[in-house]
Amino acid sequence: MGKNVGIVIVSHSPDVAKGAADMVRQMVGAHVPLAWCGGNPAGGLGTSVEAIVKALELAWSDAGVVIMVDMGGAETNSEMAIEMMPEKRRAKIVVCNGPVVEGAVMAATESSSGAALERVRRAAEELYSR
Amino acid sequence: MKAGLVPRSRSCAVLKHAGGLHARPAIKLTQVAKRFESAVWIALAEHGPWIDAKSIARVMATKTPYMATLHFVAEGDDAEEATSALARLVESDFADGNGG
């Protein structure tokens, strides 16, 4: 488990984040460290730095972690969450500019074969770069 | 002759998966292709165009329909294992034991 790149899904909606994570689990399998978070601490739509930090710890892999974000605050809060991680880990975390659902499935497919962080990020962003 | 010839192999199989090559079978196909060192390509016709079988985005974008023939080509030391594993996967309707 420790060798495959982890995936963290961050959406404003906990339902979207959990649904995307379910798709990854069912379609790609259990060989990829995976965590999701969504919603603000008050229970509404939004994202929380604290929840993202927790998700990063859950999905941590020495190969690194990619974060799939939906929009706006999900991205800025993810960047803040990375700042709060131990310095050694920060360089191994990337925020992906890809569609959150399809990107998570594609990143996980790439990761499940043991691909390195940069290749996993490229797989997640491939749909937007064409 | 030892001219550094790269082993090359071909295979094909008919896609009998209801709904064609949608997300789940496309992911399995990519995962199996990635198990091999060889470069592996996939095409819907005998002479291409050839698509990188290890790219999930490209494999899904083929939108291969039900009953289409999938052609595989691999180049590398395990080319033959790769093309036969992929044909077997499609023929068995993606009943691949290892989830990746």
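The values are calculated or read from the model by the stated rules, or taken from the named source; none is laboratory data. Just so it is clear, the model here is predicted, and its values are computed rather than measured. Note: ideal-geometry Cβ built from the backbone for every residue, glycine included; neighbour counts use all protein chains shown. Ligands, DNA and RNA are excluded from the accessible area calculation, which covers all protein heavy atoms including side chains. Shrake-Rupley method; radii C 1.70, N 1.55, O 1.52, S 1.80 Å.
Residue count for the stretch A:39-72 satisfying the condition of being under 20 Å from A:ARG119 (Cα atoms) and touching a helix residue (DSSP H, G or I) at 6+ places or on another chain (Cβ under 8 Å): 9.
Residues in the stretch A:82-118 that are over 30 Å from B:LYS28 (Cβ atoms), touching a residue at least 12 places away in the same chain (Cβ under 8 Å) and not in a helix (DSSP H, G or I): A:MET84, A:MET85. Here A:GLY72 clears all of (1) under 26 Å from B:LEU29 (Cβ atoms); (2) more than 10 Å from every other protein chain (Cβ to nearest Cβ) except the condition numbered (1). Of all residues in the stretch B:26-83, which are among the hydrophobic types (A, V, I, L, M, F, W, C) and more than 24 Å from A:ALA107 (Cα to Cα)? Correct list: B:LEU44, B:ALA45, B:MET67, B:ALA68, B:LEU70, B:VAL73, B:ALA79. For the stretch A:119-130, the candidate set comprises residues that are farther than 16 Å from B:LYS28 by Cα and of a type in the set (A, V, I, L, M); within that set, the residue that is most open to solvent (accessible area, probe 1.4 Å) is A:LEU127.
Scanning the stretch A:81-106 for residues that are hydrophobic (A, V, I, L, M, F, W, C) and closer than 16 Å to A:VAL16 by Cβ returns A:CYS96, A:VAL100, A:VAL101, A:ALA104, A:VAL105. Within the stretch A:114-130, if we keep just the residues that are of a type in the set (D, E, K, R) and more than 9 Å from every other protein chain (Cβ to nearest Cβ), the residue that is nearest to the chain's Cα centre (by Cα) turns out to be A:ARG121.
Selection within the stretch B:4-21: residues that are open to solvent by less than 80 Å² (accessible area, probe 1.4 Å), touching a helix residue (DSSP H, G or I) at 6+ places or on another chain (Cβ under 9 Å) and over 11 Å from B:LEU86 (Cβ atoms). The member of this set that is farthest from the other protein chains (Cβ to nearest Cβ) is B:VAL14. Apart from one condition, A:LYS18 fits all of (1) open to solvent by 20 Å² or more (accessible area, probe 1.4 Å); (2) farther than 12 Å from A:VAL101 by Cα; (3) touching a strand residue (DSSP E or B) at 6+ places or on another chain (Cβ under 7 Å); (4) part of a helix (DSSP H, G or I); the exception is (2).
Here A:PRO41 meets the list (1) within 15 Å of the chain's Cα centre (by Cα); (2) of a type outside the set (A, V, I, L, M); (3) away from every other protein chain (no Cβ under 14 Å) almost entirely, failing just condition (1). In the stretch A:89-113, the qualifying residues are those that are at the interface with chain B (Cβ under 9 Å from one of its Cβ atoms) and open to solvent by 40 Å² or more (accessible area, probe 1.4 Å), and the one that is nearest to B:SER55 (Cα to Cα) is A:SER113.
Exactly one residue out of B:LEU70, B:LEU86, B:LEU29, B:LEU44 is within 14 Å of chain A (Cβ to nearest Cβ) and not aromatic (Phe, Trp, Tyr): that is B:LEU29. Taking the criterion of being in a helix (DSSP H, G or I), open to solvent by 20 Å² or more (accessible area, probe 1.4 Å) and out of contact with any Ser or Thr (no Cβ under 8 Å at 6 or more places or on another chain), the residues of the stretch A:65-81 that qualify are A:GLU75, A:THR76, A:GLU79, A:MET80.
When the residues of the stretch B:27-77 are filtered to those that are open to solvent by 10 Å² or more (accessible area, probe 1.4 Å) and of a type in the set (A, V, I, L, M), the one that is nearest to B:GLY4 (Cα to Cα) is B:ALA39.
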